[in-house]
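Beneath this line is the structure, given in structure tokens, with notes to follow.
The values are calculated or read from the model by the stated rules, or taken from the named source; none is laboratory data. Note that this is a predicted model, so its numbers are computed, not measured. Backbone-built Cβ (ideal geometry, glycine too); neighbour counts: all protein chains shown. We work out accessible area using only protein heavy atoms, side chains counted, and drop any ligands, DNA or RNA first. Shrake-Rupley method; radii C 1.70, N 1.55, O 1.52, S 1.80 Å.
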Amino acid sequence: MKIVMLGAPGAGKGTQAKKISEKYGIPHISTGDIFRANIKENTELGQKAKTYMDKGLLVPDELVVDLVVDRLAQDDAKKGYVLDGFPRTIPQAEALTDALAKIGEKMDYAINVEVPDENIVRRMSGRRACVACGGTYHIKYNPTKVEGKCDACGGDLILRDDDKPETVKQRLEVYHTQTQPLIDYYEKEGIMREVDGTVDLEDVFNAIIEILE
Ligand code: ADP
Ligand code: AMP
């Protein structure tokens, strides 16, 4: 099963992708997590990506596409995957479709987690991310058992630099101009599905399971 998660930054793509990954035993592939891991390791890719991420801009397509195509060729991705944060532009979506077509495959579902902009800034300012494993929580809507520590690995939780309100506004603008057109793209491919992302996260997940089963 190959799934693309769509939605504004903070819509809940990562939260749901993690749950899908656990339920169906397929890897959760987040380009944002890959970039953050590279920033932490201070790689050349990380240094380049950071200059864009800090401004709330997208990392250029040429730095993203090969990275994802290589990741999808790994053994654990043979039985499917859930993509979170990729594709984010039409050229990225086209590159993904082409790479899959070359091996006789295609995406099964694109799931749009729909949340209005008004809710997003509130969600992002309460989001806390684990520096060690990338796990995502919310101080109010999805709190950890021990404050400031990741439930999964015990790592420290931080407020991401790009989750500050000024940057979130820029990211939303980028989403509407560059990423939202993907809804049409996958509509035309006949695989677009929508869920209401404003309800409780377990209810969002139940709606997704209904689509997948
Ligand atoms: P994305 O991957 O789309 O950027 P996240 O999955 O990281 O978004 O979710 C953004 C924030 O909103 C996180 O703090 C998360 O815990 C919280 N969140 C996710 N889904 C819901 C929901 N259905 N209701 C309330 N808060 C949610
Ligand atoms: P995310 O964790 O998905 O919210 O991504 C955080 C940031 O990483 C984004 O604001 C972009 O700067 C960058 N990024 C992640 N995925 C992509 C992508 N597919 N294309 C371009 N930039 C990306």
Arg123 vs. criteria under 21 Å from Ile39 (Cβ atoms), touching a residue at least 60 places away in the same chain (Cβ under 8 Å) and part of a helix (DSSP H, G or I) = no
Quick one: Val195 ticks every box in (1) among the hydrophobic types (A, V, I, L, M, F, W, C); (2) open to solvent by 80 Å² or more (accessible area, probe 1.4 Å); (3) within 18 Å of the chain's Cα centre (by Cα) except a single one, so which number is it?
-> (2)
Could you tell me whether any residue of the range 203-213 is over 19 Å from Ser21 (Cα atoms) and exposed (fewer than 15 other Cβ atoms within 10 Å of the Cβ)?
-> no
Quick one: in the range 179-192, which of the residues that are more than 15 Å from the chain's Cα centre (by Cα) and not hydrophobic (A, V, I, L, M, F, W, C) is most open to solvent (accessible area, probe 1.4 Å)?
-> Lys188
Residues located in the range 37-73, provided they are within 25 Å of Glu22 (Cβ to Cβ), without any contact (Cβ under 8 Å) to a residue 24 or more places away in the chain and over 17 Å from the mean Cα position of the chain (by Cα) = Asp70, Ala73
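For the range 142-158, what are the residues that are over 29 Å from Met1 (Cα atoms) and either among the β-branched types (Val, Ile, Thr) or near ligand 1 (Cβ under 10 Å from one of its atoms) (or both)?
Pro143, Thr144, Val146, Ile158
Matching residues to (1) closer than 19 Å to Gly85 by Cβ; (2) touching a residue at least 40 places away in the same chain (Cβ under 8 Å); (3) not β-branched (Val, Ile, Thr):
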{"residue": "Cys130", "(1), (2), (3)": "yes, no, yes"}
{"residue": "Gly135", "(1), (2), (3)": "yes, yes, yes"}
{"residue": "His138", "(1), (2), (3)": "yes, no, yes"}
{"residue": "Thr144", "(1), (2), (3)": "no, no, no"}
{"residue": "Gly154", "(1), (2), (3)": "no, no, yes"}
{"residue": "Leu157", "(1), (2), (3)": "no, no, yes"}
{"residue": "Gln170", "(1), (2), (3)": "yes, yes, yes"}
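Do we find that Glu173 is within 20 Å of Ser21 (Cβ to Cβ) and charged (D, E, K, R) in this structure? Quick ask: steps written out before the conclusion?
On the way: within 20 Å of Ser21 (Cβ to Cβ): no; charged (D, E, K, R): yes.
No; evaluated as a whole, the condition is false for this residue.
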How many residues does the range 134-163 hold that are under 18 Å from the mean Cα position of the chain (by Cα) and surrounded by 14 or more Cβ atoms within 10 Å (Cβ to Cβ)?
-> 10
Starting from residues that are part of a loop (DSSP other than H, G, I, E, B) and touching a strand residue (DSSP E or B) at 6+ places or on another chain (Cβ under 8 Å), keep the ones in the range 128-146 and report whichever is nearest to ligand 2 (Cβ to nearest atom).
-> Gly134
Of all residues in the range 28-51 being among the hydroxyl-bearing types (Ser, Thr, Tyr) and closer than 17 Å to Val65 by Cβ, which is farthest from ligand 2 (Cβ to nearest atom)?
-> Ser30
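Any residue that is within 16 Å of ligand 1 (Cβ to nearest atom), closer than 12 Å to Lys2 by Cβ and either part of a loop (DSSP other than H, G, I, E, B) or of a type in the set (A, V, I, L, M) (or both) - is there at least one of those in the range 104-117?
In the first step, residues of the range 104-117 are kept if they are within 16 Å of ligand 1 (Cβ to nearest atom); the result is 110-117.
Restricting the remaining residues to those that are closer than 12 Å to Lys2 by Cβ gives 110-111.
Keeping just the survivors that are either part of a loop (DSSP other than H, G, I, E, B) or of a type in the set (A, V, I, L, M) (or both) gives 110-111.
Yes, the range 104-117 contains at least one residue that is within 16 Å of ligand 1 (Cβ to nearest atom), closer than 12 Å to Lys2 by Cβ and either part of a loop (DSSP other than H, G, I, E, B) or of a type in the set (A, V, I, L, M) (or both).
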